[in-house]
Amino acid sequence: MKITFLTYGTEGDTRPLLALAREVVNRGHEAHVLADVAGAPRAHALGIPFTALAGDMRGAFQPGGAFGALLKDGASMSRLMRACATLARDNTLPWMEAACAAARGSDLLVYSGLAGFVGLAVAEGLGIPCIGAAMWPMTPTREFAPAFLNTYRLPGWANMLAHRAFERMAWSMFGPALNRARAQVFGAPPRKQPWRDMPLLVGCSPTLLARPADWPPKVAVTGVWQLPAEQGWTPPQALVDFLEAGPAPVYIGFGSMAGIAQGTLVDAIAAIAAGRRVLFQPGWSGIDPARLPPDVFVLDDTPHDWLFPRTALVVHHGGAGTSHAAARAGVPSVVVPFAGDQFFWARRMALRGIATTCAAAGLDSACLVQAVAAASRPAMQDEARRVGQAMRAEDGVRTAVDHLLGG
């Protein structure tokens, strides 16, 4: 069996599909992944055939990029969708051409992220089955609002209405470019509405996200799609020495997010480091480590599943992958959401009693220091340990690939 995986987004969108592709290959089948170029080194290390798609996701999060103004101007659902559409609009045709070439002869196409509509169009054009893969809940439900809508509580009817509005908004922004590309690649007539009622795998932990009762049977919550510990990875001796030299530190890192003013973030890290040991992972922030207090340990890319259990708590942006990694490690979080589904995961973790939150917009040192103190309470530490134990018993990759292979 040959399965083509198509996504576009940050590394948090690519890594879960690489985890699925690796399991597919390990079971004796073929897999090919198409994603942002940042995923290429990891795919090659895993021995998974990989095609880099057009676009510059890292540049999109820098000031002046498609997502660069979200923190400054407000990450409302409509603003976020326009930013996503801006990035996708310029790349829909090359994504479709690349996906068409890679997926030809496949038995299944798995689509995700900003390339989701492209995946649906390619599967339709080639006449092959497809299934969606999401790292956040996408199917309409009365139980909660769309993951991209920054709201806490709505009545059930309003939640459902918001899901349908989100669907219409997405199609109005993505549909025109998609239809132009479909006509060029497949000679297809324009679609007037998006695909609906497609099978979907949701790569979220049922411990954090109980499956809504009103979802159709073809939607499965499988558990998180996590790559195993990296073969041959050895922690730098300096990191081992730092961890062994004192109490478990606070981890601070915002991954692909680059929207916080560097001076603000440096001040916030320094304020926490005044009372706690701190690990900092710069990610795409662009911060010069020389600006940080000398006792802050600056990390290179380090596997979360190795690192997070060795920390006291994790300060992060609330991306689905990092949120699950922190929860699975059994440590509390301080979630600093920037945009997209990050607000949703901040709420889910706070409701579960394993996180405090501090909005990225208007972030200052006092807010972050208070949030870290609140997340350090014994009651939250105890609940985080219970949640982590439950999540470590889940095997989302095996469950998802069972679905993909029809097992």
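In table form, for the structure just shown:
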read-out	value
Selection status of LEU17, under 22 Å from THR322 (Cα atoms) and at pLDDT 95 or above	yes
Matching residues, segment 88-105, being of a type outside the set (A, V, I, L, M) and under 24 Å from the mean Cα position of the chain (by Cα)	ARG89, ASP90, ASN91, THR92, PRO94, TRP95
Inter-residue pairs, beta-carbon under 7 Å, first more than 10 Å from PHE280 (Cβ to Cβ) and in segment 239-255, second at pLDDT 95 or above and in a helix (DSSP H, G or I), 6+ apart	LEU243/ARG310; ALA248/ARG310
Failed condition for SER172, given (1) surrounded by fewer than 15 Cβ atoms within 10 Å (Cβ to Cβ); (2) part of a loop (DSSP other than H, G, I, E, B); (3) polar (S, T, N, Q)	(2)
Matching entry among ALA359, ALA371, ALA379 (being closer than 29 Å to THR264 by Cβ, of a type in the set (A, V, I, L, M, F, W, C) and in contact (Cβ under 8 Å) with a residue 24 or more places away in the chain)	ALA371
Neighbours by Cβ (under 9 Å, 6+ apart or cross-chain): first from segment 32-49, touching a residue at least 12 places away in the same chain (Cβ under 8 Å) and on the phi < 0 side of the Ramachandran plot; second of a type in the set (Ser, Thr, Tyr) and assigned to a helix (DSSP H, G or I)	VAL33/THR14; ALA35/THR14; ASP36/THR14; ALA38/THR14; GLY39/THR14; ARG42/THR14; ALA43/THR14
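A quick yes/no check of all residues on (1) in a helix (DSSP H, G or I); (2) under 20 Å from the mean Cα position of the chain (by Cα); (3) modelled with pLDDT of 85 or more:
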| site | (1), (2), (3) |
| --- | --- |
| ASP13 | yes, yes, yes |
| ALA21 | yes, yes, yes |
| VAL33 | no, yes, yes |
| ARG42 | yes, yes, yes |
| ALA45 | yes, no, yes |
| ARG58 | yes, yes, no |
| GLN62 | no, yes, no |
| ALA75 | no, yes, no |
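The values are calculated or read from the model by the stated rules, or taken from the named source; none is laboratory data. Not measured: the values here are computed from a predicted model. FYI the Cβ positions are ideal-geometry reconstructions off the backbone, even for glycines, and counts take in every protein chain you see.
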